[in-house]
Amino acid sequence: MKLYGYFRSSAAFRVRIALNLKKLNYESAFIHLRRGDQRQPGFLDINPQGLVPALEVDDTLLIQSLPIIEYLDETYPEPPLLPSDAKGRARVRALAAMVACDIHPINNLRVLRYLLRPLGQDEAAVETWYNHWIAEGFGALERLLAEGGRTGRFCHGDTPGLADIVLVPQVFNANRYQSLDLTPYPTIVRIYQTCLGIDAFAAAHPDRQPDREP
C-alpha cells in the first residue's frame, strides 16, 4: 500500500490511524499542500480532485478518507471499526459524518486560503470563521456523546472505531487555534485524550510524521 498524504491533513491523519489500528504496513508519499504539490500534473493524474489522502492498493487507487477507511475495514476486518449491529453502525457513521461532512470541509486549508486571498479577509476574520464552525459542530456532537447511552470510553463503546478516527484529527486542529475554548466539550476532550493514549493514534499524530514542519 502507498498512502499519499500531508502531515497536517486531517483526512490523511484519519487514514493513518485506520492503517495503524489494522496493523497494516504502507509506504508514504508526501504531498506538500502549502507548496501546491496537489495541483501538479503528476498528482492530478493520481487524483483529479487534487486532494489527499489517496491510497494505492495493488493496481487500484482509492480516494476520500471515509471510503478508504471502510474499504480497509471490509478487507481487513480485525479489529472492526464499525459495530456489528445496524443501529450501531448508523450511529457511528452519523457521528463521523458530522465531523467529516459538516465541520471539516468548511475549515480545511483550501477554504481558509480562499477566505484570506481572493476574498481579502484578515487572519482574525479567518480565525473567527474557523472557531465558529468548530463550536457549532462540537456543541451538537458533545450533546450526542454525553447523552448517548452507547458512548463509552470512546464514541461508541469501549473500543476505538470510525467515529474516533474522524474526531481526533478535528480536535487536534481545534487545539491549534488557542482562542477556541474546549471546556464546553468535556466528553469530546476525554475521548480525544483516551485515543491519544493508544499507540495507533499517537503514531499517526502530525508531530510524528517524517514530513512534519513547524
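None of the figures in this text is laboratory data; all of them are computed from the coordinates on show. Note that the structure is a prediction, hence the values are computed from the model and not measured. Counting neighbours? That spans all protein chains shown, and the Cβs are built from the backbone with ideal geometry, glycine included.
Across the chain, C-alpha contacts under 8 Å between residues 6 or more apart give a mean separation that, scaled by the residue count, equals a relative contact order of 25 percent. With contacts taken as Cα pairs under 8 Å at a separation of at least 6 residues, the stretch 108-214 carries a relative contact order of 22 percent. Once Rh for the stretch 74-144 is found with the Kirkwood sum over Cα pairs, what is the Stokes-Einstein diffusion coefficient at 25 °C and 0.890 mPa s, in µm²/s? Answer from the Stokes-Einstein relation: 172 µm²/s. Among GLY197, GLY137, GLY152, the largest mean-square fluctuation in a Gaussian network model of the chain, built with springs joining Cα atoms closer than 10 Å, belongs to GLY197. For PHE154, the residues 5 or more places off, or on other chains, whose built amide H falls under 5 Å of its own are THR159. The separation of the stretch 38-52 from the stretch 134-198, counted between C-alpha centres, amounts to 31 Å.
Working note: Debye formula, equal point scatterers on the alpha-carbon atoms of the stretch 30-185, no solvent; log10 I(q)/I(0) at q = 0.10 Å⁻¹ is -0.44.
Three principal axis extents describe the C-alpha atoms of the stretch 105-189; from largest down they are 45, 22, 17 Å.
Working from the pairwise distances between different alpha carbons, so that the mean of 1/r is found and then inverted, what is the stretch 7-83's Kirkwood radius in Å? Here the Kirkwood hydrodynamic radius works out to 13.1 Å. Each listed q (0.15, 0.19 Å⁻¹) maps to a log10 I(q)/I(0) for the stretch 165-206 from the Debye sum over equal C-alpha point scatterers, namely -0.34, -0.54.
Each peptide in 47-56, 85-94, 101-110, 159-168 was scored by the mean count of other Cβ atoms within 10 Å over its residues; highest first, the order is 159-168, 47-56, 101-110, 85-94.
Using the rule -39500 (n - 2.57) for each DSSP H run of four or more residues, divided by the residues of the chain, the 222 nm mean residue ellipticity is -15000 deg cm²/dmol.
Counting charges near ILE31 (Lys, Arg +1; Asp, Glu -1) among other residues having Cβ under 15 Å from its Cβ returns a value of +2.
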